[in-house]
Amino acid sequence: MSKTIVAVIGCGTIANNAHIPAYMANKDAEIKYFCDIRKERAEKAVEQYGCGTAVEDYQVILEDTNVVAVSICTPNNVHAQIAIDCMRAGKHVLCEKPAARTYREALEMQKVQHETGMTLNIGVVNRFNKGVNIIKQMIESGELGELYHVVVSFRAHRSIPGLGGDFTTKAVAGGGALIDWGVHYLDIVMYCAGDPRPKTVTGLAYSKLGKDMQNYAYLNMWAGPPNYEGSYDVDDFVTAMIRTEGPSISVNGAWAQNIGVEETYIDFLGDKAGIRLQYGQEFTLYSAKHGALIESTPNYPKTNAFQEEIDGFIAGIHSGEKLPSHIDTVILTAQMIEAIYQSSEESREISLTEAGVAPA
């Protein structure tokens, strides 16, 4: 089989830390283009990886019939347009999370995927995490009994990324802590629970600690340094309650809070056993047998989730296999995020059957 010709659009952090190295390690993929509106970043990638051509306009990629697959690693505000253009040009697409700034944009991406038949996977990389998949199997096999509630916590002390930049500008990112971090946590819950359809959502999103940018104290800032002339109009704390056709879900998340303890975990509560997953790390199983309380931490071989994601993307292009990260499943997370923001703005519970947040 000849190599799959790939283009990477957006040559920032996630491209260099994950997508590009994974393509370079995949024997069936070959990167032909590095694209970035800041061409010097694309040129740096060409130099660093010793392959490809640097371009600043993705139209070049659309017109090249040799390009089969595209990774979109750009800011959120152009995810939808670039993905749609690529699919209509006959390219298979892996788009970084979140799918888009809004549920409406994500629905349009899904519509075009159905029209064109091209692949559209979203970068919810935890669906390729070994530990997460073990948890999913344990839930499906009934080891937890009835999974009735899931607790989500992604709380950090002072971790606002790039204050005043793309991450903190709603017009670019679509939101803050919820759409940036929360998308991963909610997606893990949905995946492990079998992607149950959400029914109602109530939530509050706060923009508090970062609004006074000049006086925001921090130790370090990825995606920085701060741009004090920029914008800060997104959430840095969010809380929500979600009812689904499966378990209920409670959410507490923060980029920044005046509590100096980071709590990044997901608790799966079943009536026979429970699991605490430390995000990006191991998980612990809690149960009871013969009148004794049991606590165990399973050991299993670790894998590189990003490599698994890219390998699956490339293989799926040729096999036609629909991966767990397909837009048809990930769209539910976009729907919940939109409903949380709507609930906060309108100070009411949102039914997912309402106009504007109708099920996909």
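The values are calculated or read from the model by the stated rules, or taken from the named source; none is laboratory data. Predicted model, so just to flag it, every value in this text is computed and none were measured. Cβ: placed from backbone, ideal geometry, glycine included. Neighbour counts: every protein chain shown. Note: areas computed on protein heavy atoms with side chains; ligands, DNA, RNA excluded. Shrake-Rupley method; radii C 1.70, N 1.55, O 1.52, S 1.80 Å.
Yes/no matrix, rows are residues, columns are (1) open to solvent by 50 Å² or more (accessible area, probe 1.4 Å); (2) at pLDDT below 95; (3) assigned to a helix (DSSP H, G or I):
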| site | (1), (2), (3) |
| --- | --- |
| 299 | yes, no, no |
| 323 | no, no, no |
| 332 | no, no, yes |
| 344 | no, no, yes |
| 359 | yes, yes, no |
Any residue that is in contact with a helix residue (DSSP H, G or I) (Cβ under 7 Å, 6 or more places away or on another chain), among the aromatic types (Phe, Trp, Tyr) and farther than 30 Å from residue 353 by Cβ - is there at least one of those in region 235-250?
no
Expected output for region 7-32 (first residue over 18 Å from residue 68 (Cα atoms), partner among the acidic types (Asp, Glu) and in a strand (DSSP E or B), Cβ below 8 Å, 6+ apart or cross-chain) is 14/96
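Within region 301-314, take every residue that is under 18 Å from the mean Cα position of the chain (by Cα) and not polar (S, T, N, Q) and give me the one that is surrounded by the most Cβ atoms within 10 Å (Cβ to Cβ).
310
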Quick check: anything in region 192-200 within 21 Å of the chain's Cα centre (by Cα), part of a strand (DSSP E or B) and more than 19 Å from residue 146 (Cβ to Cβ)?
no
Is it true that residue 249 is surrounded by 13 or more Cβ atoms within 10 Å (Cβ to Cβ) and in a strand (DSSP E or B)?
yes
So which of 251, 261 is within 19 Å of the chain's Cα centre (by Cα) and either of a type outside the set (Lys, Arg) or within 28 Å of residue 174 (Cα to Cα) (or both)?
251
For region 252-280: of the residues being aromatic (Phe, Trp, Tyr) and not in a strand (DSSP E or B), which is surrounded by the fewest Cβ atoms within 10 Å (Cβ to Cβ)?
279
Select, from 179, 139, 160, 188, the only residue that is more than 24 Å from residue 101 (Cα to Cα) and touching a helix residue (DSSP H, G or I) at 6+ places or on another chain (Cβ under 9 Å).
139
In region 161-168, is there at least one residue being open to solvent by 30 Å² or more (accessible area, probe 1.4 Å), under 17 Å from the mean Cα position of the chain (by Cα) and either of a type in the set (Asp, Glu) or over 19 Å from residue 249 (Cβ atoms) (or both)?
yes
Applying the selection to region 201-221, what residues are farther than 14 Å from residue 250 by Cα, open to solvent by 70 Å² or more (accessible area, probe 1.4 Å) and not in a loop (DSSP other than H, G, I, E, B)?
206, 214, 215
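Each row is one residue, and each column tells you yes or no for (1) modelled with pLDDT of 95 or more; (2) of a type in the set (Phe, Trp, Tyr); (3) over 16 Å from residue 314 (Cβ atoms); (4) more than 18 Å from the chain's Cα centre (by Cα).
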| position | (1), (2), (3), (4) |
| --- | --- |
| 72 | yes, no, no, no |
| 79 | yes, no, yes, no |
| 84 | yes, no, yes, yes |
| 97 | yes, no, yes, no |
Taking the residues in region 169-191 that are under 26 Å from residue 226 (Cβ atoms) and hydrophobic (A, V, I, L, M, F, W, C) as candidates, determine which candidate is nearest to the chain's Cα centre (by Cα).
183
Output yes when any residue across region 38-48 is free of Cβ contacts under 8 Å to residues at least 60 places away in the same chain, open to solvent by less than 20 Å² (accessible area, probe 1.4 Å) and under 21 Å from residue 304 (Cβ atoms), and no when none is.
yes
Residue 108 of a type in the set (Asp, Glu), surrounded by fewer than 18 Cβ atoms within 10 Å (Cβ to Cβ), touching a helix residue (DSSP H, G or I) at 6+ places or on another chain (Cβ under 7 Å) and not in a strand (DSSP E or B)
yes
Can you tell me which residue in region 222-237 is least open to solvent (accessible area, probe 1.4 Å), limited to those that are at pLDDT below 95 and hydrophobic (A, V, I, L, M, F, W, C)?
223
